[in-house]
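The values are calculated or read from the model by the stated rules, or taken from the named source; none is laboratory data. Keep in mind that this is a model prediction, so the values were computed, not measured. Cβ placement follows ideal geometry from the backbone for every residue including glycine, while neighbour counts extend to all protein chains displayed. Areas reflect the complete protein model, heavy atoms only, side chains present, ligands, DNA and RNA absent. Shrake-Rupley method; radii C 1.70, N 1.55, O 1.52, S 1.80 Å.
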Amino acid sequence: MLYVKAPAKINLTLDVLYKRPDNYHEVEMIMTTVDLSDRIGLESRNDGLIKIISTNGFIPDDNRNLAYQAAQLIKDTYGVAEGVTISIEKEIPVAAGLAGGSSDAAATLKGLNELWNLNLSIDTLAELGAKIGSDVSFCIYGGTALATGRGEKIQKLPAPPTCWVVLAKPKIGVSTAQVYGGLNLEGLEHPNTKQMIQSIETNDYDLMCNSLGNVLESVTFKLHPEVVMIKEQMKRFGADAVLMSGSGPTVFGLVDNESRLGRIYNGLRGFCDEVFAVRLLGERNSLA
């Protein structure tokens, strides 16, 4: 059995520029990985089948699962006769805006590359990942990056200023398609992506906090007022900066003072079952 970590991501910025002719949205977003991970186990099978085993009953165990799609893609593309049993130990909340499914798919691609001795480069794996979902390419690389196009064009950035991240997810799931579908591109308040890049490159924590922005909040907040409440509570408990990740509903707060971390974490436990206090990972993955 080969095991691979599949870390979650948060969006430090998420901007939508326009609707493309292919019906995707042109995005510009800065993502970074955090120290909250699923664990993917891979074991070859002689019967050619793909089997999903998961600790979480809410994720599909068939071809709707992105890890399944990753295994099928790599089998079809490279003519692999072997099958695989994929065990998914979930720590990342499902349908949370943290790229849990995409990270599972990325970990599966990287793991099968090793398990089946395919010797594919990390760039080739990222190209494969783009066929599965918009966040998979980023998850192949990990670390911190500017993602453009529909999210598949990845430009590496340095690790951001070190800090703690508190994640809080309410008991709801959010449809990414519904959120993007409800986005009014007129009059959006766009985040300052260049300023966020500057804060990362100069290791300026205060500037990073002041540069957070996500245009999808305008939609998700209307659909799910409880997300607004969590954001307000996180600010009240003392986070330095607060933002919704992806299309939500997870909200994260940044804090550089560990003494405040416990107060924020404990305060949010009264509102959410799924609360995590983690560090930014920030550094890029090796090909493993």
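Out of everything in region 154-199 that is among the charged types (D, E, K, R) and at pLDDT below 95, what residue ends up being nearest to Tyr265 (Cα to Cα)?
Checked region 154-199; the qualifying residue nearest to Tyr265 (Cα to Cα) is Lys171.
Would you mind finding the one in Ala107, Ala71, Ala95, Ala81 that is at pLDDT below 95 and in contact with a helix residue (DSSP H, G or I) (Cβ under 9 Å, 6 or more places away or on another chain)?
Numbers: Ala107 fails: at pLDDT below 95; Ala71 fails: at pLDDT below 95; Ala81 fails: at pLDDT below 95.
None of the others qualify; the one that does is Ala95.
Please verify whether Gly149 is among the small types (Gly, Ala, Ser), over 16 Å from the mean Cα position of the chain (by Cα) and either closer than 26 Å to Gln233 by Cα or surrounded by 14 or more Cβ atoms within 10 Å (Cβ to Cβ) (or both), treating the condition exactly as stated.
So Gly149 fits the description; yes.
Among the helices (runs of 4 or more DSSP H) lying completely within region 86-147, list those that include at least 3 residues that are among the aliphatic types (A, V, I, L, M) and farther than 30 Å from Asp273 by Cα.
Filter on region 86-147 gives 100-115, 122-130.
Given (1) open to solvent by 30 Å² or more (accessible area, probe 1.4 Å); (2) within 21 Å of Glu28 (Cα to Cα); (3) in contact (Cβ under 8 Å) with a residue 60 or more places away in the chain; (4) out of contact with any helix residue (DSSP H, G or I) (no Cβ under 8 Å at 6 or more places or on another chain), identify the lone condition not met by Lys156.
(4)
Which pairs have Cβ atoms under 7 Å, sit 6 or more apart or on different chains, and link a residue in region 244-261 that is within 13 Å of Arg279 (Cβ to Cβ) and open to solvent by 10 Å² or more (accessible area, probe 1.4 Å) to one that is assigned to a loop (DSSP other than H, G, I, E, B) and charged (D, E, K, R)?
Close Cβ pairs satisfying both conditions: Asp256/Asp240.
Out of (1) over 18 Å from Leu2 (Cβ atoms); (2) surrounded by 18 or more Cβ atoms within 10 Å (Cβ to Cβ), what's the single condition that is false for Asp104?
(1)
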